[in-house]
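Sharing a structure below in structure tokens format, with a few things to ask.
The values are calculated or read from the model by the stated rules, or taken from the named source; none is laboratory data. This is a predicted model, so every value here is computed, not measured. Neighbour counts are summed over all protein chains in view; Cβ atoms, including those assigned to glycine, are modelled from backbone coordinates with ideal geometry.
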């Protein structure tokens, strides 16, 4: 009796698998209606394999029948749990459901159900493809929120409020207004420039540098971006970098007085460094800071710069690239010329 039941069960599985294979072939040919018929037959013959349901769900997804896809995925998850199916199969069904929900979100503008579904899938099985789909859905949600929040008029109003606070030296308040301005219009270089100035006043130099660089990225011809960035680098005592920034700005605005003044101040400090015109405390501070700079570390580890042969060293001084590196070390206070 048991042998007969086992035989019947095996025959049913074989028959169902043939239907599945025929369905797969039809799916590859994009004969979706035929594929659905064969997957449905496979499900009717053998209800202990949820792959037939998830395959039919994939066809519905290709056809744009997202609701039918979601129903099949939910059925696959429910039946899979009853059968204690492989967690990877449960995750696959949930991922497919999430993909259908993303398609629907393009009309409904609600990505949250898809995000939640992908998260559930990842708790079943951490699949790289599912993780990417989750990240894409979260990104799409964020972009949609930004689009809905986008309002250049309010952005300009907030920037003006920030300007008023800045004039009154209320820098934290100004930062709030500039931040709101950027939330309303993330592509405004002026708001980044102004917030960079606030951060500089507050001593938040890394934040100021980041904003100044973003300002330049958005509008490479806007001179304020270079004056802000140069000012931050100057306060960080990175005079050679500040000089490069000011000079880059002058390419776009050759007569800009702020940029010209910045160049002058940097040259003065670089000349001081060349003369070794620093107190021992200041020199020690500058050297410690310089040693944390990856560029300085690379220069010091360069075999050419470690050359001890006087004759070879003399030849290297004729090389402009080597001299440029030496100048950087001088500016940083690592090397002093006598």
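Sort out which residues of segment 41-70 are part of a helix (DSSP H, G or I), over 23 Å from residue 14 (Cα atoms) and either within 34 Å of the chain's Cα centre (by Cα) or touching a residue at least 12 places away in the same chain (Cβ under 8 Å) (or both), and write them in order of number.
Scanning segment 41-70 gives 60, 61, 62, 63, 66, 67, 69, 70.
Follow-up. Taking residue 30, is it outside any helix (DSSP H, G or I) and under 37 Å from the mean Cα position of the chain (by Cα)?
Judged against the criteria, residue 30 is a match.
Which residues, counting only those in segment 1-27, are within 23 Å of residue 90 (Cα to Cα), under 42 Å from the mean Cα position of the chain (by Cα) and buried (at least 16 other Cβ atoms within 10 Å of the Cβ)?
Answer for segment 1-27, where residues must be within 23 Å of residue 90 (Cα to Cα), under 42 Å from the mean Cα position of the chain (by Cα) and buried (at least 16 other Cβ atoms within 10 Å of the Cβ): 20, 23, 27.
Yes/no per residue for (1) modelled with pLDDT of 95 or more; (2) over 27 Å from residue 119 (Cα atoms):
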{"residue": "8", "(1), (2)": "no, yes"}
{"residue": "22", "(1), (2)": "yes, yes"}
{"residue": "36", "(1), (2)": "yes, yes"}
{"residue": "41", "(1), (2)": "yes, yes"}
{"residue": "58", "(1), (2)": "yes, no"}
{"residue": "72", "(1), (2)": "yes, no"}
{"residue": "76", "(1), (2)": "yes, no"}
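I need the full set of residues from segment 8-23 which are over 11 Å from residue 52 (Cα atoms) and touching a helix residue (DSSP H, G or I) at 6+ places or on another chain (Cβ under 6 Å), in order please.
Of everything in segment 8-23, those that are over 11 Å from residue 52 (Cα atoms) and touching a helix residue (DSSP H, G or I) at 6+ places or on another chain (Cβ under 6 Å) turn out to be 12, 15, 22.
Moving to a separate point now. Taking the stated definitions as given, is residue 246 modelled with pLDDT of 95 or more, over 27 Å from the mean Cα position of the chain (by Cα) and either on the phi > 0 side of the Ramachandran plot or crowded, with 22+ Cβ neighbours inside 10 Å (or both)?
So residue 246 passes the test.
Take segment 42-80 and flag every residue that is under 18 Å from residue 130 (Cβ atoms) and surrounded by fewer than 18 Cβ atoms within 10 Å (Cβ to Cβ).
Across segment 42-80, the qualifying residue is only 74.
Kindly provide the set of residues from segment 111-142 that are buried (at least 20 other Cβ atoms within 10 Å of the Cβ) and outside any helix (DSSP H, G or I), ordered by number.
If the condition is that a residue be buried (at least 20 other Cβ atoms within 10 Å of the Cβ) and outside any helix (DSSP H, G or I), then 111 is the only one that fits.
Please state which of the following conditions residue 76 fails to meet, knowing it meets all the rest: (1) within 32 Å of the chain's Cα centre (by Cα); (2) under 30 Å from residue 41 (Cβ atoms).
Answer for residue 76: the failing condition is (1).
Please verify whether residue 171 is surrounded by 16 or more Cβ atoms within 10 Å (Cβ to Cβ) and under 23 Å from residue 220 (Cβ atoms), treating the condition exactly as stated.
no
Hey, another quick one. Could you check residue 238 against (1) in contact with a helix residue (DSSP H, G or I) (Cβ under 8 Å, 6 or more places away or on another chain); (2) crowded, with 16+ Cβ neighbours inside 10 Å and say which number it fails?
Among (1) in contact with a helix residue (DSSP H, G or I) (Cβ under 8 Å, 6 or more places away or on another chain); (2) crowded, with 16+ Cβ neighbours inside 10 Å, the lone unmet condition for residue 238 is (1).
Against the condition out of contact with any helix residue (DSSP H, G or I) (no Cβ under 8 Å at 6 or more places or on another chain) and at pLDDT 95 or above, how does residue 112 come out, does it pass?
So residue 112 does not fit the description; no.
Turning to a different aspect of this structure: How many of the residues in segment 88-110 are under 16 Å from residue 126 (Cα atoms) and surrounded by fewer than 14 Cβ atoms within 10 Å (Cβ to Cβ)?
The number of residues fulfilling the criteria is 1.
Every residue, every condition in (1) surrounded by fewer than 17 Cβ atoms within 10 Å (Cβ to Cβ); (2) modelled with pLDDT under 95; (3) over 22 Å from residue 146 (Cβ atoms); (4) under 21 Å from the mean Cα position of the chain (by Cα), yes or no:
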position	(1), (2), (3), (4)
185	no, no, no, yes
190	no, no, no, no
200	no, no, yes, no
206	yes, no, yes, yes
217	yes, no, no, yes
